[in-house]
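Below: the structure, in structure tokens.
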């Protein structure tokens, strides 16, 4: 109990020090991170994209920042710890504080669900890019709804992006994109970390994308009566039948969306995409239900096969064996990966792309230059994918 109370005391000290520890003016070449809570000057980002952290915690022995790698902070005689990191890649990055070895969120940061828990995040600005920034354009909105899943036997929460004008044009029906998060994240992630609503507002305002609904559900599901453990990554069940999440999407989620919102409910107006785990789920679900989806995308996650590992005659129940039939039925298959992603991930997605080429399967392949397995890769993916939909 002493250890628990000590940790709580540290957190209270940190929370109370947000103002006390920030009396020094920001360096002239830096700006407060846009991901900070209101009023918090630190962390800030310099013009050369280094992050500066400043925390008042006089009673702690060691404070570190885990941002990609672990950095040691330096304590002054006032009990203020500071750190300037290496230059960071633009985009959104999760991070944690390590307070005497205990991993905690930074009270100066907004909280984001990632890595299977609430985490801190820092936005590193990308020069000359504004497609995921709020502009003076018509805005849609993100709505949350609860629906009952007969598959799981529980209520599930889903987020829905409704485009500008949805509540005014009451006779208009809209196509739907089902958009999935990655492992350790949830249905909030595309709105919070991915800025999907802002990206779509800007694309629609510029006439680059059609107005559409975007449905964002949690990618975890366990059938009613099954053990409650939830795997962090999807199991591709080629022979064992559909996964629980596939049944949720097909039997519960799509019917709920089509009866609750004004949708164009045929396959030619329905798309699915996902990142990492969600990309694998997307390929698994759509390839098994081509009667329901005409547009498909995997962001940093596609088939579980790489290169020669794809057996077009047998995998996915042989739907790739007849390339002409597949190409006629699927209006768009889109695959993307970041060039700086871990080697095994890059090889898997790039190998799947090459296997599709060899099989004669038409698709779009995109590489995000210089980005890792991170949200800037997936923002770029959505920015490229969405304008190609429903045309």
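Is it true that some residue in segment 91-98 is surrounded by fewer than 20 Cβ atoms within 10 Å (Cβ to Cβ), in the same structural domain as residue 298 (by TED's automatic domain parsing), more than 17 Å from the chain's Cα centre (by Cα) and more than 27 Å from residue 370 (Cα to Cα)?
Scanning segment 91-98 turns up no residue that is surrounded by fewer than 20 Cβ atoms within 10 Å (Cβ to Cβ), in the same structural domain as residue 298 (by TED's automatic domain parsing), more than 17 Å from the chain's Cα centre (by Cα) and more than 27 Å from residue 370 (Cα to Cα).
What are the residues in segment 158-169 that are in contact (Cβ under 8 Å) with a residue 40 or more places away in the chain and over 20 Å from residue 136 (Cβ atoms), if any?
If the condition is that a residue be in contact (Cβ under 8 Å) with a residue 40 or more places away in the chain and over 20 Å from residue 136 (Cβ atoms), then 158, 159, 160 are the ones that fit.
Looking at segment 231-251, can you tell me whether even one residue there is in contact with a strand residue (DSSP E or B) (Cβ under 8 Å, 6 or more places away or on another chain), at pLDDT 95 or above and buried (at least 16 other Cβ atoms within 10 Å of the Cβ)?
The answer is yes; a qualifying residue exists.
Just one of the numbered conditions (1) over 18 Å from residue 260 (Cβ atoms); (2) surrounded by 13 or more Cβ atoms within 10 Å (Cβ to Cβ) is not true of residue 116; which one?
All conditions are met except number (2).
With the requirement that a residue be out of contact with any strand residue (DSSP E or B) (no Cβ under 9 Å at 6 or more places or on another chain) and over 22 Å from residue 264 (Cα atoms), what does segment 142-185 give you?
Hits for segment 142-185 are 150, 151, 152, 153, 183.
Between a first residue in segment 39-52 that is touching a residue at least 60 places away in the same chain (Cβ under 8 Å) and a second residue that is outside any strand (DSSP E or B) and surrounded by 21 or more Cβ atoms within 10 Å (Cβ to Cβ), which pairs have beta carbons less than 7 Å apart while being 6 or more apart in sequence or on different chains?
40/108; 42/108; 43/33; 43/108; 45/33; 51/43
Do you know which residues across segment 190-217 are buried (at least 20 other Cβ atoms within 10 Å of the Cβ) and in a loop (DSSP other than H, G, I, E, B)?
193, 194, 195, 209, 212
Return yes when residue 132 is under 22 Å from the mean Cα position of the chain (by Cα), outside any loop (DSSP other than H, G, I, E, B) and in contact (Cβ under 8 Å) with a residue 60 or more places away in the chain and no when it is not.
Taking the combined requirement at face value, the residue does not satisfy it.
Can you tell me how many residues in segment 62-75 are in a loop (DSSP other than H, G, I, E, B) and at pLDDT 95 or above? Don't jump to the end; show me each part of the working.
The first filter runs over segment 62-75 and keeps only residues in a loop (DSSP other than H, G, I, E, B), leaving 62, 68, 73.
Adding the requirement that they be at pLDDT 95 or above leaves 62, 73.
Residues meeting the conditions: 2.
Which residues, taken from segment 54-71, are surrounded by 12 or more Cβ atoms within 10 Å (Cβ to Cβ) and either out of contact with any helix residue (DSSP H, G or I) (no Cβ under 7 Å at 6 or more places or on another chain) or not assigned by TED's automatic domain parsing to the domain that holds residue 39 (or both)?
54, 58, 62, 63, 64, 65, 66, 67, 68, 71
Within segment 24-33, can one find any residue that is modelled with pLDDT of 95 or more, surrounded by 15 or more Cβ atoms within 10 Å (Cβ to Cβ) and within 23 Å of residue 188 (Cα to Cα)?
Looking through segment 24-33, at least one residue is modelled with pLDDT of 95 or more, surrounded by 15 or more Cβ atoms within 10 Å (Cβ to Cβ) and within 23 Å of residue 188 (Cα to Cα).
All but one of (1) touching a helix residue (DSSP H, G or I) at 6+ places or on another chain (Cβ under 7 Å); (2) in a loop (DSSP other than H, G, I, E, B); (3) more than 21 Å from residue 198 (Cα to Cα) hold for residue 372, so report the exception by its number.
Among (1) touching a helix residue (DSSP H, G or I) at 6+ places or on another chain (Cβ under 7 Å); (2) in a loop (DSSP other than H, G, I, E, B); (3) more than 21 Å from residue 198 (Cα to Cα), the lone unmet condition for residue 372 is (1).
Can you tell which of 317, 347, 328, 362 is in the same structural domain as residue 206 (by TED's automatic domain parsing), modelled with pLDDT of 95 or more and part of a helix (DSSP H, G or I)?
Values: 317 fails: modelled with pLDDT of 95 or more; 347 fails: modelled with pLDDT of 95 or more; 362 fails: part of a helix (DSSP H, G or I).
Within the list 317, 347, 328, 362, the selection yields 328.
The values are calculated or read from the model by the stated rules, or taken from the named source; none is laboratory data. From a predicted model like this one, the values you see are computed outputs, not experimental measurements. Counting neighbours? That spans all protein chains shown, and the Cβs are built from the backbone with ideal geometry, glycine included.
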